[in-house]
Structure formats: structure tokens, C-alpha cells
Amino acid sequence: GFTIDPELKAAIEADQAVAQQAVVLAVQPDAPFDSPLPLFPYQKVGASFLYQIGSGLMADEVGLGKTIQALAVCEKVQAQKILIFCPSAIKYQWAAEIERFLYPAGAPEGEIVVVEGNKRTRDLLLQGQIVVRRESWKGKANGWHKGTGGRFFIVNYELLLRNLEAMCCREWDVIIADEATKISNATAKTSKAIKRIRAKRRIAMTGTPVSNRANEAWNIIDFISPGAFGNYYSFLQRYCLKNQWGGVFGYRNMDELSAKLKRYMIRRMKVDVLPELPEKIITDIPIEMSEEEKVFYKRLKKEILFEIEHTDISKINAPMTIQYTLVKLTRLRQVSDSMELLGENTKSSKLEALKEILSEFLDVDRKIIIFSEFSEMCKIIHREIPGSLMIIGETSDKKRQEIIKEFTEYPKKKVLVLSSAGQYGLNLQVADVLIHYDQPWSLAKSLQRDGRAHRIGQKNKVQIINLLSRGTVDHYVKKVLHAKAELSNQLLGDTPISMGDIQQMLKYEL
């Protein structure tokens, strides 16, 4: 008895046809896509997918060249005003990539705008009232002058709330959200703000689209196509299991959600599209702690177990309780790294093992990246490894670029130490050894680390080494990360850690 509007019906049918074509296209080995950019066949498929569906999620595995595919779409649609969001650490890398791919003879003055400076300067840049001198990208005092221009505007996510009004001054041809997990929290102000900016096309990019929770998919898709998955609370009811405190502890209908995601997302793995990419060799190296370290570790472990066992049973699985306990577990991870992190003596069995491993690789001129979750640990490693370079959260953007250039271009600079601040967006194919000094909680973060070296342009086998202190949280986290891969295969993410996991971790012995 319902009357269907013929125009609405035609629009829905047309959209369904586009969706079906996109799903079929996403699994093709190649596709016709005219572009001046040097695209691999699978990259032509990705660019064609984004072009056909209008707005979408480029979720290729880390290292497969998402940037060039997004730029190919911008060229195809002849976009003139493109707003790019990315972490602060890789703003200048974006500028360099745009120039390399689109302007090999050099970008015209004011064509690429890295938005920085005080609030008034940033507003004027975003509104196109001033332009940046090409030779003064780093924001020197004489780097700006009046004029109209700007095609690519590169902004870090922190400026979303500070300069939102200027960003809303026009309708952009394309908005690109790189490392889109930055906007995966539906309740965060930044996640809400980015959706207020008008755009003809929206492209989200991330190699780990659901890094910790399946519900993180909602806001990324809602940014791409508002309303596509309904409102956030109906999404939670359909796909998430919640406890009495409102926290998500499990998921359901994952096959249905995965099928729906295919309409908006394309994802390829290295093993599928780059068989010529050198293999990744993973080695776990167990390290025996000294007796002094073991005693200190066991004492801390008993204290944390005692606190858990005496927590009110009604609050044991509350999200805040779990988060608080994870913070306490950080102390155990620090002990396995170096007792110096907790103000004890400077002894570290793991650090001594690292030095031995490095001596073998340095003798044969290998370039090495060392990752640690802790900035203070990075400083200790940097101090103990003569001639090493280091990037941590407090490293300025300008200094970061200088360090990357030094590491990639100077043969004598062989070791780069990175904290979590260095996980995203960096292209470091010059390195073929990557050492995980400690293990991140998230499988997604671990893959992000690996992707710094194991990516397009890598010509050598990549040796990945996990340093694991025996009988500690190191070993158990590694086990948990592998266990989480089941949901990752379903929906590209990790399951959250439960209190049961934590208790098993604390009771784990090797």
C-alpha cells in the first residue's frame, strides 16, 4: 500500500548498481585507469574504486602506496581545492610526496600549503589569502606573502578544533583523512568536527581501519558517507555486545558488517598484490633476565595481582578498572625493558642483548630501526648506541625531517630509534632490519611498525626481530596479539583486552 517516489527509487537502484560494480572491481588484479602517475596494476584498481564510488575508505595494508592512489583520484577529478588531514609528524612528508608524484619539475609557488604558524596565519592560509614561498615550507618569518592560491592544504588533526571555522569557509573538492583511525572515536570532538566540513568527495586512508574495536568502523564510514550505517547507537545495538556498565565486550553479526563495509572500503594485502616484494623474516629472541630483574619483576607482579583479587567483584570488568590495571601493567613492561625506567639501577639484560645483535648487523652495513613504546627507553637506547639517531614525540617536525634525511641518505648513519610517534606514515625502505624492543598491546600498531620498512621500494629481505624477556608480559603480549588475529581476519581489527587476559598475563610463567 506504500507509494514509492520514482526519482528516489531510481536513485537507490543507481546507488546499488554502483555498489555492486565497486565490490566486483575491488577484487580485480587490474583495471583501466588513465593517470599520469606511475601506478601498479592493483593501485589502478584502488584509484578506480575510489573514483567510481565517489567517497571511500582506502584500507590497503601498510606499505602498499595509499598516498599515490588518493592523489591519482584528485588528478582524475581535476580537484583544485584539496584538504589533507594527517598526523603532525608527516605533514612535510605529504608535501614531498605530492611534489614528487605531481610536480617532478617543482611545484609552483603556493600550490602546496603546509598549514602552520599562529591562528591568524593558519586561518589566512586556509582561506587562500596568503601563500607560502616554496623555498620556505618550514615556516620561517619571511615564508609568507599576500596572494591567492593553494591547491593542496596539509593540516594536522590537532588544528581541526582550532581552525574549524576557516576550514568551513568553502566546499572542498576532496578531503583526505590520512591515518583515519585518528577520527575513529565517534564521541570525540575531533571526530565530530571533521564531518562538519563540506566536500564533494571524501577519502579516508588507513592500513589498520579497525585498530582495537569493531565499533571504530562507524565514525570513519559516517565521515565518508553520512548516515550510511545509521546512527551510532543503532550501530552499537546491531553489532556490539555491551555489559551492564555500557562497555563493549564483544561483537556479533560480523559477517553482515564485513559485507556492508565492502561497499565503501577496498583493502588488499601485500601477499596478494606484491608477490615480488621481498619476504619478511620474523625472529623471536628470548632473553633471560638477571636474578635481580626477576626478583623485582615478581614483586611488582604480586602487588598487581593482589590489587585485582581484592577488587570489588561487581567492578572487576568495568572499562575503567581494566584501563587502570593496564596502566599498572606498564611497570612490568618497563622492568623487562630496563630497571632504569623505574629509577632502579641501570642494569638491563635486554639492552645488553640488543647491543650484541646490533654488532652483527652493523658489521655487514645493514640499516636498522629500533622501536620502543617508551620515549625514556628510546633515550636510553640512543645514549647507549653511539652514532644512533632518534625520533620521539617531543622531536619537532623540522628536526624529524632532518633526521629522516640523515638516516636515508648517509651510509654512516645506520641506527634509527623510534617511539610510537614514529609508527605512522614514515617511508623508511632504506632499512632492512626492524627490532621490536618491546611489544605494543595492539596488533595494528605492530603492523604499522613493520610497514615502515616492509613496503613498496624495499629491495631486500626485511628481518624483523622481537626481543622477548622470558616469562614476562613480553611473551604473553605476543601470544595475545596472535590470538587477536581471528577478529582481524573478520573485520581487520583487534579484540579488546579483558580482565581475564590480564590475570592470565600476570600468572604466566615460561
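The values are calculated or read from the model by the stated rules, or taken from the named source; none is laboratory data. Bear in mind the structure is a predicted one, so any value in this text is a computation, not a measurement. Positions of Cβ are backbone-derived with ideal geometry, glycine not excepted, and every protein chain shown enters the neighbour counts. Surface accessibility is based on the protein's heavy atoms, side chains included, excluding ligands, DNA and RNA. Shrake-Rupley method; radii C 1.70, N 1.55, O 1.52, S 1.80 Å.
Observations
- The heavy atoms of CYS169 present about 60 square angstrom of accessible area, all protein chains included, probe 1.4 Å.
- A full extension of the chain between ASP15 and ASN460 corresponds to an added length of 155.8 nm, given 0.36 nm per residue minus the alpha carbon distance.
- Probe 1.4 Å - accessible area at ARG331, Å² to nearest ten: 70
- Extension gain from GLU171 to LYS302, taking 0.36 nm per residue of separation minus the Cα-Cα distance: 41.4 nm
- Annotation: amide H-H contacts under 5 Å for LEU434 (H modelled 1.01 Å from N, sequence separation of 5 or more, or interchain): ILE369, GLN463, ILE464, ILE465.
- When Rg and the Kirkwood Rh are both derived from Cα coordinates, the Rg/Rh ratio for region 191-270 amounts to 0.97.
- When only Cα pairs below 8 angstrom with a gap of at least 6 residues are kept, region 377-422 shows a relative contact order of 50 percent.
- The label point for GLU158 and the one for GLN127, both projected 7 Å from the Cα toward the Cβ, are 2.4 nm apart.
- Nonpolar atom fraction for region 34-126, defined as the carbon and sulfur part of the 1.4 Å probe accessible area, stands at 48 percent.
- Amide H contacts for ALA199 (H built 1.01 Å from N in the peptide plane; partners 5 or more residues away or on another chain; cut-off under 5 Å): TRP172.
- C-alpha center-to-center spacing [region 160-188, region 99-114] in angstrom: 23
- ILE82 accessible area, assembled protein chains, probe 1.4 Å, Å²: 0
- Mean accessible surface per residue for region 213-308, computed with a 1.4 Å probe while every protein chain stays in place, in Å²: 53
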